[in-house]
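The structure under discussion appears below in the form of structure tokens.
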Amino acid sequence: MDSQKEALQRIISTLANKNDEIQNFIDTLNQTLKGVQENSSNILSELDEEFDSLYSILDEVKESMINSIKQEQARKSQELQSQLSQCNNALENSEELLEFATRSLDIKEPEEFSKSDNGFSFSPFFETKVPKAPEIDPVECLVADNSVTVAWRMPEEDNKIDHFILEYRKTNFDGLPRVKDERCWEIIDNIKGTEYTLSGLKFDSKYMNFRVRACNKAVAGEYSDPVTLETKALNFSLDNSSSHLNLRVEDTCVEWDPTGGKGQDSKIKGKENKGSAHVTSLKKHTRSGTPSPKRTSIGSRPPAVRGSRDRFTGESYTVLGDTAIESGQHYWEVKAQKDCKSYSVGVAYKTLGKFDQLGKTNTSWCIHVNNWLQNTFSAKHNNKVKALDVTVPERIGVFCDFDGGQLSFYDANSKQLLYSFKTKFTQPVLPGFMVWCGGLSLNTGMQVPSAVRTLQKSENGMTGSASSLNNITQ
């Protein structure tokens with residue numbers, strides 16, 4: 001009996017151990033299953049993020065390629081339209097000559113054959129009457145208000161001239177046009193007079209080349225000697241490398257970004273290694289046609305004039321231009337989005353601190369627009385404020401006379417003076433911008449408008465920041 005109990009006890013002990021082993025195995029299976037489910041969810045989430053990243057890259061590539069195709073289409077269309085116009089003119093002239101020659105075949109007398117219906121000799125029509133090259137007069141050409149008026153004359157009177165063709169292109173080289181590294185000629189056809197005005201230009205190069213040729217109804221003449229005119233203006237972009245993290249900067253546009261750049265950009269950066277094979281493959285496909293464009297995400301611009309300077313931070317929602325002003329007179333324009341709550345426009349020294357706000361230091365000057373809770377419009381310098389009793393314009397023009405120590409703000413449309421600071425700049429200045437809840441866009445590559453130059457002559461005696469703001473309480 002005792003032996004049977006011992007055997008039964010051993011069986012019970014063995015079963016208990018087996019039960020524990022089975023339970024442990026069940027727990028292990030449950031943990032493995034849970035891990036598989038979690039890993040699957042993580043993999044699916046990462047896959048979604050990776051595809052989102054690739055979709056974003058593809059959208060940017062698509063947009064850039066579409067823009068390149070549209071630009072090339074516009075250029076080709078313009079060239080073909082010009083060629084079509086010239087061919088139509090040549091066809092019309094050819095038909096006239098053909099009709100005239102057909103009528104001349106019916107003439108019996110030699111004396112009459114040498115004359116046309118209008119009493120002129122017919123024989124010159126069989127000769128090539130190539131117009132002589134016009135002469136562009138640089139003295140009569142005018143460059144002002146981002147427009148260029150080109151004037152020319154014929155070396156001798158030619159009453160057979162039907163029209164002129166003007167060609168121009170931008171360049172950064174003075175003197176005669178160069179064969180290499182030059183842009184294509186743009187064509188203006190069917191000009192009836194001896195001058196033409198190109199308006200609404202962006203002066204993003206130092207010079208422009210011009211040449212012109214005359215055309216009669218039969219043939220186009222030789223080009224004139226090319227003339228190079230200076231079209232220098234201030235060109236700058238926004239310095240993204242040191243802007244506040246809550247600002248989304250793209251070339252000449254800046255927008256408030258409450259995420260601090262942690263949205264789609266961080267997602268793309270986190271997956272750029274995993275998606276590198278797909279991106280490389282995509283670049284290979286685009287290499288045979290339009291070159292694969294650079295990505296336009298925030299941070300694509302290299303550091304500019306301020307080098308390793310820290311970013312603006314705190315409540316200094318500021319971004320500066322990437323080009324310093326050290327001399328001369330310059331002009332640019334700024335337009336705010338309609339829903340922009342607060343923004344400032346002005347200039348600052350490169351030493352502006354990363355916590356500093358425009359107009360609240362002695363190193364910055366600006367006008368400030370506030371559309372939050374109450375609407376205010378004011379000029380600011382050295383933490384002193386002067387209220388401006390004028391309507392905030394749609395676009396603000398900024399005029400900086402570095403050598404004359406003057407910073408003026410205008411209604412860009414009417415050229416009405418909004419406010420003018422008078423000071424002495426002791427360091428190079430940078431265009432400065434502050435924006436909160438909204439965005440700003442810049443228009444650079446502009447000459448100082450003639451209206452502004454005229455107003456400056458009469459406005460130089462006005463009191464600016466050196467006196468009026470010194471007596472204003474905060």
Q) What are the pairs, 6+ residues apart or on separate chains, where a residue within segment 158-186 that is among the aromatic types (Phe, Trp, Tyr) has its Cβ under 6 Å from a residue that is modelled with pLDDT of 85 or more and open to solvent by 40 Å² or more (accessible area, probe 1.4 Å)? A) TYR168/GLU186
Q: Select from segment 215-227 the residues that are out of contact with any His (no Cβ under 9 Å at 6 or more places or on another chain) and not in a loop (DSSP other than H, G, I, E, B) and list them in ascending order.
A: ALA220, VAL227
(Q) When you check ASN88 against the structure, is it modelled with pLDDT under 75 and either closer than 30 Å to PRO155 by Cβ or open to solvent by 90 Å² or more (accessible area, probe 1.4 Å) (or both), yes or no? (A) no
Q: State which residue is nearest to LEU455 (Cα to Cα) when the search covers only segment 390-424 and only residues that are open to solvent by less than 40 Å² (accessible area, probe 1.4 Å) and free of Cβ contacts under 8 Å to residues at least 40 places away in the same chain.
A: ASP411
Q | Residue count for segment 180-214, restricted to those that are more than 23 Å from GLN71 (Cα to Cα), in a loop (DSSP other than H, G, I, E, B), open to solvent by 50 Å² or more (accessible area, probe 1.4 Å) and not polar (S, T, N, Q) | A | 1
Q: Answer yes if at least one residue in segment 60-79 is surrounded by 12 or more Cβ atoms within 10 Å (Cβ to Cβ), of a type in the set (Ser, Thr, Tyr) and part of a helix (DSSP H, G or I), and no otherwise.
A: yes
Q) How many of the residues in segment 306-333 are open to solvent by less than 70 Å² (accessible area, probe 1.4 Å), farther than 19 Å from ASN370 by Cα and not in a loop (DSSP other than H, G, I, E, B)? A) 6
Q | Residues of segment 369-384 satisfying the condition of being closer than 24 Å to GLN337 by Cβ and open to solvent by 20 Å² or more (accessible area, probe 1.4 Å) | A | ASN370, ASN371, TRP372, LEU373, GLN374, ASN375, THR376, LYS380
Q: Collect the residues in segment 334-354 that are at pLDDT 95 or above and either touching a helix residue (DSSP H, G or I) at 6+ places or on another chain (Cβ under 9 Å) or open to solvent by 10 Å² or more (accessible area, probe 1.4 Å) (or both), keeping them in residue-number order.
A: LYS335, ALA336, SER342, TYR343, TYR349
Q: Kindly indicate the residue of segment 215-242 that is of a type in the set (Ser, Thr, Tyr) and within 22 Å of PRO449 (Cα to Cα) and also least open to solvent (accessible area, probe 1.4 Å) among those meeting that condition.
A: THR231
Q: Name every residue in segment 434-474 that is more than 21 Å from SER342 (Cα to Cα), at pLDDT 55 or above and of a type in the set (A, V, I, L, M), in order of residue number.
A: MET446, VAL448, ALA451, VAL452, LEU455, LEU469
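The values are calculated or read from the model by the stated rules, or taken from the named source; none is laboratory data. Keep in mind that this is a model prediction, so the values were computed, not measured. Quick reminder, even Gly has a Cβ in these numbers, built from the backbone with ideal geometry, and neighbours come from all protein chains shown. What goes into the accessible areas is simple: the full protein's heavy atoms, side chains included, and nothing from ligands, DNA or RNA. Shrake-Rupley method; radii C 1.70, N 1.55, O 1.52, S 1.80 Å.
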